1. Could you calculate the FRET efficiency of E125 with Q102 from 1/(1 + (r/R0)^6), where r is the beta carbon distance between them and R0 is 35 Å, rounded to 0.05?
2. Take the alpha-carbon centre of the stretch 395-470, take the same for the stretch 283-351, and report the distance between them in whole Å.
3. Mind pulling the angle between the C-alpha long axis of helix 411-420 and the longest principal axis of the chain? Nearest 10 degrees, somewhere in 0 to 90.
4. Of the listed peptides 243-249, 442-448, what is their order by residue-averaged count of other C-beta atoms within 10 Å, with the highest listed first?
5. Determine, for each peptide in 206-212, 62-68, the mean count of other beta carbons within 10 angstrom over its residues, then list the peptides with the highest first.
6. Using the per-residue mean of other Cβ atoms lying within 10 Å as a proxy for protection, in what order, highest first, do the peptides 131-138, 102-109, 86-93 fall?
7. Taking the 0 to 90 degree range and rounding to the nearest ten, how far is the long axis of helix 68-78 tilted relative to the main principal axis of the chain, both from C-alpha atoms?
8. If you take the square roots of the eigenvalues of the alpha-carbon gyration tensor of the stretch 384-511 and sort them as a ≥ b ≥ c, do you get rounded (a/c under 1.5), prolate (a/b over b/c) or oblate?
Amino acid sequence: MTHTKTIVVLGSGPIRIGQGIEFDYASVQCVQALKKLGYEVAIINNNPETVSTDFDTADRLYFEPLTPVDVMNVLAVEKPLGVVVAFGGGTAIKLAKFLDSQGVRILGTSADAIDLAEDRERFEELCDRLSIKRPKGLTVFTEVEALEAAEKIGYPVLMRPSYVLGGQNMIIARNNADVKEYMKIILRGGIENPVLIDKYMEGKELEVDCISDGESVLIPGIMEHIERTGIHSGDSIAIYPGEFSAEIEEKIVRQSTDLALALGTKGLVNIQYLIYENDLYIIEANPRSSRTVPYLSKVSGLPMIDLATRAMLGEKLSQMGYGTGLYRKPPYFAAKVPVFSFEKLMDVDTHLGPEMKSTGEVLGIAATREEAIFKGMAAAGWKMIRPKKSEGETSPFGVLFSVRESDLPELPALAKKFYDLGFKLYATTGNAATIERSGMTVSHVAKVHENYNDNVMTLLESGRVVYVVSTSAKGRDPVAESVKLRRLAVERDIDCLTSIDTANALADCLASPYSLENTSLVDINHF
C-alpha cells in the first residue's frame, strides 16, 4: 500500500529541561508508523543531537526552527496531506492554532480541542459538564488582579503562565509578597496569555496516558507519584501501577475516558489528577504525547505511539485489536526515578518545586513495589549507605535535617527511620527540638548567622554527613542560607533530599532487605 501523499511531523526543537529525548522518541516512532502505513514523511526539527534528525529516519529532513514562518515555508514546498503536532511537546503544540488559521490540516486532535484543554474558562466549563472536580482557579493579567484572586481563593496558591511546558515560571505563592515578586518577573517578560492562579491542594498526585480514537479509549496504565503535589511530574518518582482504592481507580478510568472523548481526542492525551481528602480532582489535561509515554510503552508492552498514530489517521482501536477501558495491571512494578545534573549547573537551587529541573530518568523493575523503588533510586545515583548497627552513637554516618515549619509535624516519623537504622542525627534548632520531643538523641547545629565558626556549612565540610534533608518555603533567592546549604551539599557530593516524601522513600529503601548484591534481574521481554 503506497501513497504518494506526504505527512509532515513537527519535532520538539533544541533539547532543554522539560522537553527532550522523550519527545524525540515519540517523533521517531510516529515517523516509523507512518512509513509502515505507506506514507512519505518529512520531519521538521532543528536539533543535531537527536535520532529524529538522522539522515535515514524520515524521507526528508528540514533542519529548520519551529517558528510559524519557517514551518509554512516547508509546507509550501511539501504540500502535505496533513501535519502531526502531537509528538513534539510544547513547541509543536503551540503552532497548532496558527497552522489551523492558515488552513493547514492538523492530523489527530483538532486545534480547537487543543485550545479547549489550555483555555481556562472553556476547560472549566467542560469539567463542570462532565462533573469532574478541579481546584478553584482564576485567570489574571495584572498584579492587582493577581492579589485579589489569591485573596479570594485563599493561600497557598499555584501561579503559572498558560501554555507552559516543564512547569516553566511556575511557583507556589504562600503570601502577598510572593505574588508581587512573581508578577513583577512575569510582567517584565511581557505576556500575551494570562497568568493562571489555582488553589494549591497538597495531596497524592497521579497521571494517566490515554489513547483515543474518538469513540473508545484505551488506558495503558495509571502512574502514582511518590512526591505530593507541588513537585513537577517530571521531577517526581512515579510508580506503575499505582496503588489506589477500587472506588478511586474506577473514578480515574471513568473520568479519563469521558474527558478524552469530550475533548475529541484522536491519538494521545495525558491527564494529571490529585487525590485530596479521598476525592479526585483534575490538575490538567494535555492532548499530546507526554514525557511518560516511552516509559509506559516499555513497561506496559503496548506500542503506544504506533496505536496513537493509527488512531490519528482514522483507524479504530477495535480494528487494532484493543478494547476500551483499563488495559491491565501487570504482575510487576516499575519505578521511574528522575536524574539531575546540579553539579553541572552553577548556582541553581536544588530544591524541587513546580518548575522542572531533572535532565534524565532511570527505570527500576521488580516483582515488588519496594524493590522497584530501591533499584530505581540506586540506578539514579542515590548513595545506598547503611551504618553498621554496632557503631551506634559513634556512627560516622550522619543525617542533617533542616526543614521548613510546615514540614515539622512529619519530621519525627522521618527522623526515627534514620535513627533506627543507626544514623547519627543532626538538626538546626527548631528541627532538633521537634526531634528531641520524640525521645531521640540529636546534635544541635547552628545556622551560619548564629555561629560563624561552627554551623551547618562547617558540618558538611567535615565529612560527617551523608544525607541532607532540606526543604524551604521559598528557594528563589540565591543568597538564602537554605539555598547555599543545598549548593554546598552538591559540591561536596552529599545526597540532598528536598521533599519529605523522597526522604521517606529513601529511608524505606535503606530499611528494606535489598542491596545492590541481592536485587533480582528482570527480563522485561519475557514477562
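1. Details: r = 27 Å, r/R0 = 0.79.
Given R0 = 35 Å and the Cβ-Cβ separation, E is 0.80.
2. Using only Cα atoms to place each centre, the spacing works out to 38 Å.
3. The angle comes out near 70 degrees.
4. Packing proxy ranking, top to bottom: 442-448, 243-249.
5. With the highest mean Cβ count within 10 Å placed first, the list reads 206-212, 62-68.
6. Details: 131-138: 16.6, 102-109: 18.6, 86-93: 26.8.
Highest mean packing first, the order is 86-93, 102-109, 131-138.
7. The helix 68-78 is inclined about 40 degrees to the chain.
8. Judged from the Cα gyration tensor, the stretch 384-511 comes out rounded (a/c under 1.5).
None of the figures in this text is laboratory data; all of them are computed from the coordinates on show. Because the structure is predicted, anything quoted here is derived from the model rather than measured. Neighbour counts are summed over all protein chains in view; Cβ atoms, including those assigned to glycine, are modelled from backbone coordinates with ideal geometry.
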